[in-house]
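These notes are about the structure you will find just below.
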Amino acid sequence: MKGPIGGNRERARFQALCQSLRPDLLRFAFWLSRDRDLAEDVVQETMLRAWKAQDSLLDEGAAKPWLLTIIRREYARSFERKRFVTLDIEELIAKEEPMLAAADEQDLAEMRAAIFKLPDEYREPLVLQVLMGYSTAEIAVELDLSNAAVLTRLFRARKRLRLLCGEDTGLDPEE
């Protein structure tokens, strides 16, 4: 076991690592939950669990996937503890309207609504790739899928997204 000086240094380093990853963790939790308060709660629980299990993290490079896995599990646990009120997609967009203030606000709102309409199996890999910057190999590890399955889900997610946004996909290649 490490002495108090080395232990404190390691704890401070782990805390700094977690704080640097917190914005990405919060963004991912929000995309999973579609609720800021729930996302904050999930990230807070994730940080607590990670703090308690920090000795099991052997490589700092694996911290982000490790924390994202904890977030996914914490989000799933939130349904065991409490049933949350669901919101209609249009209500969600209307609720977030001030945050979506951009030049093409309508397009952005339509895109967000279309992403929220995707099934979880397609939305999650797409969000991991586009929002979090994960490679297909990293997504495969995170979601416990093969690379081919990830590529298929990403292809289908993009195709469905384009359909939901009103684009013609008739000339697209087949799967």
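A short reminder: the numbers here are calculations on the coordinates, not readings from a lab. Because the structure is predicted, anything quoted here is derived from the model rather than measured. Glycine also receives a Cβ, built like all others from the backbone with ideal geometry; neighbour counts cover every protein chain displayed.
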Open item on the list: Given points 7 Å out from each Cα along the Cα-Cβ axis, report the Ala16 to Phe116 separation in nanometres with one decimal.
Closed with: 3.9 nm
- [ ] Pop out the ³J(HN,Hα) list for the range 139-149 in order, Karplus 6.51 cos²θ - 1.76 cosθ + 1.60 with θ = phi - 60°, rounded to Hz; leave Gly and Pro as x.
- [x] 5, 4, 5, 4, 9, 6, 10, 7, 4, 4, 5
Task: Where Rh is the Kirkwood radius over Cα pairs, Rg/Rh for the range 12-77 - done: 0.94
- [ ] Step through the residues of the range 124-137 one at a time and calculate ³J(HN,Hα) from phi using the Karplus curve (6.51 cos²θ - 1.76 cosθ + 1.60, θ = phi - 60°), rounding each to whole Hz and writing x for Gly and Pro.
- [x] 4, x, 5, 5, 4, 6, 7, 7, 9, x, 6, 7, 5, 5
